[in-house]
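Taking it in order: structure first as structure tokens, then the write-up.
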Amino acid sequence: MTEPAPARDRIAIRRIGVFAYHGVYEEESRLGQRFYISLEAMLDLAPAGKADDLELSVSYADLAQLVQEIAVANRFRTIEGLAEAIAAALLRDFPRIDTIEVTVEKPNAAVAALLDTIAVTITRTRAR
């Protein structure tokens, strides 16, 4: 039996802004800063589109809410750790998602050469 083709449909959410306390430096854990988190959830949206039924898709409001909860209720030393926690939770809580891409931006990172932002992007696929 062959595996089904991977989903090429996507739900994208760009730059969910949160104020949180992530970072390796003491000041970051004390003062906090703004982070932006973006998602691309890959899943088969054909059933939802054909039936015009949200129950056959994933609510972007629910995705954004979970991201906010994870980002503000926890403390991570690295944005990689934050991205991993978000990806794991989204794959756990939304079984329709096949693959998730999470980008965490840290625009005020303590880097002298910073021009705009520093970001980490990870992609995780559900184990089948």
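Bear in mind these aren't lab numbers, they're just calculated from the coordinates by the rules spelled out. Predicted model only: the values in this text are computed from it and were never measured. Note that each Cβ is placed from the backbone with ideal geometry, even for glycine, and that neighbours are counted across all protein chains shown.
The alpha carbon centroids of the range 1-71 and the range 107-121 are separated by 21 Å.
Spin-label pair residue 96-residue 12: with each label point 7 Å from Cα along the Cα-Cβ axis, the two points sit 2.0 nm from one another. Size descriptors for the range 10-125, from the alpha-carbon set: Rg then Dmax equal 15.3, 52 Å. Enumerate the residues in the range 97-116 having an amide nitrogen under 20 Å from the point lying 7 Å beyond the Cα of residue 62 toward its Cβ. Flagged as within label range: 97-102. Taking amide H as placed 1.01 Å from N in the peptide plane, residue 9 has its amide H under 5 Å from the amide H of 43, 45, each at least 5 places away in sequence or on another chain.
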